[in-house]
1. Here are some conditions: (1) more than 22 Å from residue 42 (Cα to Cα); (2) in a strand (DSSP E or B). Residue 81 meets all but one. Which one does it not meet?
2. If I ask for residues that are part of a strand (DSSP E or B) and touching a Leu at 6+ places or on another chain (Cβ under 9 Å), which ones from segment 104-120 would you list?
3. It is to be established whether one or more residues within segment 111-118 are within 19 Å of the chain's Cα centre (by Cα) and either modelled with pLDDT of 95 or more or in the same structural domain as residue 143 (by TED's automatic domain parsing) (or both).
4. Across segment 53-67, what is the number of residues that are part of a strand (DSSP E or B), at pLDDT 65 or above and either exposed (fewer than 12 other Cβ atoms within 10 Å of the Cβ) or of a type in the set (Ser, Thr, Tyr) (or both)?
Amino acid sequence: MKKSIIPLMLILAGVLIIALSCEKAQEVLGITISGHVTDEGQPVDGAFVLLLDKAEITVSIPLSNGSITGSNGSYTIIRVDDGTYFIVVVKDENGNNSYDFGTDPIGWYGHPDTLTGFTIPDSVIVSGQNLSGIDIDELYVETSF
């Protein structure tokens with residue numbers, strides 16, 4: 001009887017350790033926003049994914065308040081506070097870590113405009129839970145305001 005309880009206790013201890021580790025990881029990451037970035041069906045590697053308070057990007061905006069896409073186009077923004085945000089992607093072509101109008105391709109999380117073909121930004125609302133599937137599937141270079 002004692003021998004059969006010991007493996008069960010070890011399994012329960014392992015499950016408890018894993019559960020506590022997951023809680024600690026979630027505590028460190030906080031609320032997250034995640035998704036994929038593609039352009040013409042291909043993953044975009046090394047692009048900056050930014051969290052903005054309004055659907056507006058300005059020249060020379062710092063590219064430090066977000067995440068960077070991996071080789072498969074995936075990204076995760078961690079420690080996101082509750083609020084309403086717009087998600088924009090910037091592919092920094094010259095590596096100067098700021099947005100250069102007319103040079104750096106950008107893309108928004110949103111829906112396509114049937115007249116222009118560009119993406120109309122949609123907001124995302126963070127309210128205590130992780131958001132996933134926030135995908136951006138088109139980048140373009142802006143040439144006029």
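The values are calculated or read from the model by the stated rules, or taken from the named source; none is laboratory data. For clarity, every value in this text was computed on a predicted model and none was experimentally measured. Ideal geometry is used to build each Cβ from the backbone, glycine not excepted, and the neighbour counts take in all protein chains shown.
1. (2)
2. 106, 107
3. yes
4. Count: 1.
For every residue, the table says whether it meets (1) in contact with a Gly (Cβ under 9 Å, 6 or more places away or on another chain); (2) at positive phi; (3) polar (S, T, N, Q).
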position	(1), (2), (3)
112	no, no, no
121	yes, no, no
126	yes, no, no
133	yes, yes, no
